[in-house]
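A quick write-up on the structure given underneath.
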Amino acid sequence: MDPDAAVQKIIAAHGGENFWNGIEALQAEISTSGLLFRFKRRPVLDHVKVTAYAHEPRFVFHDFPSPGFTGELVGAKEVRILSRDGDLVKKRKNPRSVFKRLSRLLSWDDLDFIYFGGYATWNYLVAPFFFLRPGFNFEGLDTVKVSSTSWFKLKVILPDDLPTHSQEQIFYFDKNWHLQRLDYVAEVVGGWAHAAHFCENYQDFGGYKAPTRRRVRPILLADKTLPGPILVALDIHGIYPV
């Protein structure tokens with residue numbers, strides 16, 4: 001299938017372009033855990049409220065890293081922590097560059113997590129609608145058999161000004177054009193961190209259709225995944241378009 005035609009079907013299946021253009025953000029409540037949190041000495045998130053802006057790579061963790069504070073990703077260039085009064089507590093410019101330091105192999109600080117967790121969750125919540133942004137390139141690949149059905153594979157090259165796991169990613173969509181899986185390299189973790197991200201339990205939130213159960217597993221060879229461990233588990237308890 002022509003990739004542009006496929007993208008149109010994908011956007012329609014998740015709520016449509018008119019819906020997306022009519023909102024400013026998605027407010028959500030999420031919980032996250034998994035092996036990556038233990039490796040990086042990060043506490044899990046339990047029913048944390050977040051905001052993903054619809055038309056710019058901006059993401060907010062409310063009451064994080066502690067009650068009354070706000071952790072914010074501002075595009076690819078800055079992360080910061082604000083007090084309950086909106087005063088700047090900490091900030092870091094060019095946060096991605098810090099992950100090259102050897103100390104990041106052992107642990108992440110609050111600003112590290114705000115960057116990684118912020119851009120990753122922003123990507124997850126705004127996909128596939130960020131396909132509408134300029135600078136994306138698409139290539140339709142062969143379908144893949146999964147049990148008694150097949151998934152359409154779409155190779156996506158993301159613009160280099162968007163914070164994301166890796167510029168090249170593979171998205172898999174079922175017959176309803178719902179996202180079932182995406183493959184990427186979590187580059188800030190390491191160039192070896194090839195992962196398959198599985199999406200389940202689609203729900204409709206006021207016209208916005210999205211998976212609410214997400215599990216990330218390691219890729220062994222090619223596109224073959226290991227059954228475990230679960231690198232990241234993300235559960236979405238509610239999404240509220242505003």
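Over the heavy atoms of LEU111, what accessible area does a 1.4 Å probe trace out, to the nearest 10 Å²?
10 Å²
Can you give the FRET efficiency for LYS100 and LEU220, using 1/(1 + (r/R0)^6), R0 = 22 Å, r = Cβ-Cβ distance, to the nearest 0.05?
Using R0 = 22 Å, I get an efficiency of 0.30.
Can you give me the Kirkwood hydrodynamic radius for the stretch 138-242, using every pair of distinct Cα atoms, in Å to one decimal? Can you show the working numbers first?
Values: mean 1/r = 0.0674 Å⁻¹.
After inverting the mean inverse Cα-Cα distance, the result is 14.8 Å.
Which residue, PRO134, PRO229, PRO218, tops the fluctuation ranking in a GNM of the chain built on C-alpha contacts under 10 Å?
PRO134
Stick to Cα atoms and the Kirkwood definition of Rh, then tell me Rg/Rh for the stretch 131-171. List each step's numbers first, then the result.
Working: Rg = 12.3 Å, Rh = 11.4 Å.
My calculation puts Rg/Rh at 1.08.
With a cap of 13 neighbouring Cβ atoms within 10 Å, and only residues DSSP puts in a loop, list the trypsin sites (Lys or Arg not before Pro) found in the stretch 81-128.
Details: sites: ARG84, LYS90, LYS91, ARG92, LYS93, ARG96, LYS100, ARG101, ARG104; in loops: ARG84, ARG101.
In loop regions of the stretch 81-128 (DSSP not H, G, I, E or B), the sparsely surrounded trypsin sites (Lys or Arg not before Pro) are ARG84, ARG101.
Scaled to the compact-protein estimate 2.2 N^0.38 Å, what is the alpha-carbon radius of gyration of the stretch 1-113, rounded to two decimal places? Numbers along the way, then the final one.
Numbers: Rg = 17.1 Å, N = 113, 2.2 N^0.38 = 13.3 Å.
Ratio of Rg to 2.2 N^0.38 Å for the stretch 1-113: 1.29.
Run the quick spin-label model on ASP109 and LYS155: label points 7 Å from Cα toward the beta carbon, then report their separation in nm to one decimal.
4.0 nm
Please calculate how many Å² of accessible area the stretch 1-97 carries per residue, with a 1.4 Å probe and no DNA, RNA or ligand atoms counted.
Working: 5140 Å² over 97 residues.
The answer is 53 Å² per residue.
So what's the angle, to the nearest 10 degrees on a 0 to 90 scale, between helix 3-13 and the longest Cα principal axis of the chain?
70 degrees
So which lysines can LYS175 reach, going by Cα to Cα under 20 Å and dropping same-chain residues fewer than 8 places off?
Once the sequence-local lysines are set aside, what remains near LYS175 is LYS9, LYS145, LYS153, LYS155, LYS209.
Residue by residue through the stretch 219-234, which ³J(HN,Hα) values in whole Hz follow from phi under the Karplus form 6.51 cos²θ - 1.76 cosθ + 1.60 (θ = phi - 60°), with glycine and proline marked x?
Karplus values, whole Hz, x for Gly and Pro: 9, 8, 9, 6, 10, 7, 9, 8, x, x, x, 7, 6, 9, 10, 10.
Specify the residue with the greatest mean-square fluctuation among LEU158, LEU26, LEU226, computed from a Gaussian network of the chain linking alpha-carbon atoms under 10 Å apart.
LEU226
Once label points are set 7 Å from the Cα along Cα→Cβ at both GLU187 and LEU88, what is their separation, rounded to one decimal in nm?
Output for this residue pair reads 2.6 nm.
For P(r) over Cα pairs in 5 Å bins from 0, in percent, the choices are (1) 1, 6, 11, 13, 13, 12, 11, 9, 7, 6, 4, 3, 2, 1, 1, 0, 0; (2) 1, 6, 14, 18, 21, 18, 12, 7, 2, 1, 0; (3) 1, 6, 11, 15, 21, 20, 13, 8, 3, 1, 0; which was calculated from the structure?
Of the labelled values, this structure produces (2).
For the chain, take the longest principal axis of its alpha carbons; what is the angle in degrees between that and the long axis of helix 110-126, to the nearest 10 within 0 to 90?
Helix 110-126 sits roughly 30 degrees off the main axis of the chain.
The values are calculated or read from the model by the stated rules, or taken from the named source; none is laboratory data. Not measured: the values here are computed from a predicted model. Reconstructed Cβ throughout: ideal geometry from the backbone, glycine too, with neighbour counts over all protein chains shown. Remember, those area values only see protein heavy atoms, side chains included, never the ligands or the DNA or RNA. Shrake-Rupley method; radii C 1.70, N 1.55, O 1.52, S 1.80 Å.
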